[in-house]
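Novice: The structure is given below, and queries will be raised subsequently.
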Amino acid sequence: MIIGRRYLLLAACGLFFMFCLQGMATRPRPKVYIQKLKNHHYRLIVENRPYIIKGVCYSPIPIGQTHDYDWWSDPNKPWIVDGRLMQQMGINTVRIYQGGENKEAVKRVISDLYNLYGIRTILGHWLGFWEYPCPLYGDKNFRLRIKNEVLNMVRDYKDEPGLLLWILGNENNYSCLGHINPWSSDEIDQESDPQKQKAMRFEAYYSFIQELTQEIHALDPNHPVALGNGELIGLDYAKEFCPDVDLVACIIYRGKTFGNLFKSLRATFDKPILLSEFGADSYDAYKNLEDQNMQAFFLESQWRQIYENLATNKEGEGNCLGGTIFEWIDEWWKHNESDPASWHVHDTGAGWSNGSYYFDIKAKDNKNMNEEWFGIVAISPEEEFGINKRIPKKAYYVIREFWKNPQVTAKRKGKK
């Protein structure tokens, strides 16, 4: 009788243990997560399927407006027209640098793009990078305020079905070098060695990213957190001070090739990479005329390299998750932001120089980067559906064909 009772007890315990194991095995994985394969390649998984990010940076500013225009609340809903064009091209993702102030309007945009066109949204936060007079990543009060903004963003949108992932910052790491939006602190100012000062700034900034990442993970285990970073600068510090980010979202302008980017990232900070901002403008500053052929040529070359380094390609690094092209439509306000009259003109002036875009580097003062011409879709003063008419450029069609059959287009030869 005692033996029988023991047997029943052991059997019951065994069944309970098996039930627990079964429950663990069938517990649903996070909705969006990064999978590391046995060969150390990475891929993004969405709803249990591999997902290649084929996206664009999205900010539909109409002609005559500037960056502070509240397009989220535009009654003409430009994202409806854009979403249809994006879907026809094969775009599955938009990158938005930071949400608007109207929470319900932001939710409507995310929902419309996803429900109508199957397009998911990457949502980011500038982390106060454009604060006046400068971001203060060494200041406790500044960090607390930005952290509250970020965590409120996560609480507001984490349950949106169309959300893909979060990006923290953009090129904020450049501020640690003292070149763009430089900042300091009393502690850093007391250090006389410039190299140590730089290291202290990187530590302060990336440790802030780590703090934000950990708190986002606690609030939202269903979406990865990306570090928005200009080039690979500072990632040796990121490896030490923000190891918990899920991926690196890199802003890269290297012309038609990314060079050793993917291999260098694996050696420096072994995380998957999203090319979160890259592209080419469609204006030849040297010849002073539009050149859509050159833009399409550069973008196809860039996408070819992205595909060569996806997890599915055994010959590449396998650490690329895709990319978001800069950008969807041209921005007529960018060349002279302080002059409202210029926002109504598609300015052909170049703002800066980049020798990697070699075709027009011989322009005056070597300035060949035309900020107002990076869109793969042009906009016209003529209105259609209440918004500036959209006119796809050649790059729109070339990338659409590449995505349909990358094996064929990757074999194309020819130089320009």
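The values are calculated or read from the model by the stated rules, or taken from the named source; none is laboratory data. Just so you know, these numbers come straight off a predicted model, no measurement behind them. With ideal geometry, Cβ positions are generated from the backbone for all residues, glycine too; neighbour counts draw on all protein chains shown.
Novice: Of all residues in the stretch 65-112, which are of a type in the set (Gly, Ala, Ser) and surrounded by fewer than 20 Cβ atoms within 10 Å (Cβ to Cβ)?
Specialist: Selection gives Ser73, Gly90, Gly100, Ala105, Ser111.
Novice: Here are some conditions: (1) at pLDDT 90 or above; (2) of a type outside the set (Asp, Glu); (3) assigned to a helix (DSSP H, G or I). Cys20 meets all but one. Which one does it not meet?
Specialist: (1)
Novice: Which ones in the stretch 309-364 are among the acidic types (Asp, Glu) and free of Cβ contacts under 8 Å to residues at least 24 places away in the same chain?
Specialist: Selection gives Glu315, Asp339.
Novice: Could you tell me which residue of the stretch 144-187 is nearest to the chain's Cα centre (by Cα), considering only residues that are part of a helix (DSSP H, G or I) and under 14 Å from Ile233 (Cα atoms)?
Specialist: Filtering first and then ranking leaves Asn172.
Novice: Given (1) at pLDDT below 95; (2) under 19 Å from Asp291 (Cβ atoms); (3) among the β-branched types (Val, Ile, Thr), identify the lone condition not met by Ile391.
Specialist: Exception for Ile391: condition (1).
Yes or no, residue by residue, for (1) closer than 19 Å to Glu171 by Cα; (2) charged (D, E, K, R):
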| site | (1), (2) |
| --- | --- |
| Gln214 | no, no |
| Leu232 | yes, no |
| Lys239 | yes, yes |
| Ala267 | no, no |
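Novice: Sticking with this structure for a sec: Quick one: would you say Gln295 is part of a helix (DSSP H, G or I), polar (S, T, N, Q) and in contact (Cβ under 8 Å) with a residue 40 or more places away in the chain?
Specialist: Taking the combined requirement at face value, the residue satisfies it.
Novice: Of all the residues that make up the stretch 122-163, how many are over 23 Å from Ile110 (Cβ atoms) and among the aliphatic types (A, V, I, L, M)?
Specialist: Matching residues across the stretch 122-163 total 2.
Novice: Could you tell me which numbered condition Glu231 fails, if it satisfies all but one of (1) closer than 30 Å to Phe297 by Cα; (2) surrounded by fewer than 18 Cβ atoms within 10 Å (Cβ to Cβ); (3) out of contact with any strand residue (DSSP E or B) (no Cβ under 8 Å at 6 or more places or on another chain)?
Specialist: Single failed check for Glu231: (3).
Novice: Another one. Any residue at all in the stretch 160-172 that's more than 20 Å from Leu227 (Cβ to Cβ) and not acidic (Asp, Glu)?
Specialist: Checked the stretch 160-172: at least one residue is more than 20 Å from Leu227 (Cβ to Cβ) and not acidic (Asp, Glu).
Novice: Inspect all residues belonging to the stretch 129-141 and state whether any of them is in the same structural domain as Asn222 (by TED's automatic domain parsing) and part of a helix (DSSP H, G or I).
Specialist: So the first thing to find is which residues in the stretch 129-141 are in the same structural domain as Asn222 (by TED's automatic domain parsing), and the list is 129-141.
Subsequent filtering for residues that are part of a helix (DSSP H, G or I) retains 140-141.
Within the stretch 129-141 (the criterion being in the same structural domain as Asn222 (by TED's automatic domain parsing) and part of a helix (DSSP H, G or I)), the answer is yes, since at least one residue qualifies.
Novice: For the stretch 308-325, enumerate the residues that are out of contact with any His (no Cβ under 8 Å at 6 or more places or on another chain) and closer than 18 Å to Glu277 by Cβ.
Specialist: Correct list: Asn309, Cys320, Leu321, Gly322, Gly323, Thr324, Ile325.
Novice: Being buried (at least 17 other Cβ atoms within 10 Å of the Cβ) and closer than 30 Å to Asp70 by Cβ is the requirement here; does Ile399 meet it? Outline the logic, then answer.
Specialist: On the way: buried (at least 17 other Cβ atoms within 10 Å of the Cβ): yes; closer than 30 Å to Asp70 by Cβ: yes.
When the stated conditions are applied, Ile399 passes them.
Novice: While we're here: Before we move on, is Glu382 more than 30 Å from Pro272 (Cα to Cα), without any contact (Cβ under 8 Å) to a residue 40 or more places away in the chain and either surrounded by fewer than 12 Cβ atoms within 10 Å (Cβ to Cβ) or not assigned by TED's automatic domain parsing to the domain that holds Leu299 (or both)?
Specialist: Answer is yes for this residue.
Novice: Being out of contact with any Asp or Glu (no Cβ under 9 Å at 6 or more places or on another chain) and either within 17 Å of Thr213 (Cα to Cα) or in the same structural domain as Ser276 (by TED's automatic domain parsing) (or both) narrows it down to one residue among Ile91, Ile110; which is it?
Specialist: Matching residue, one of Ile91, Ile110: Ile91.
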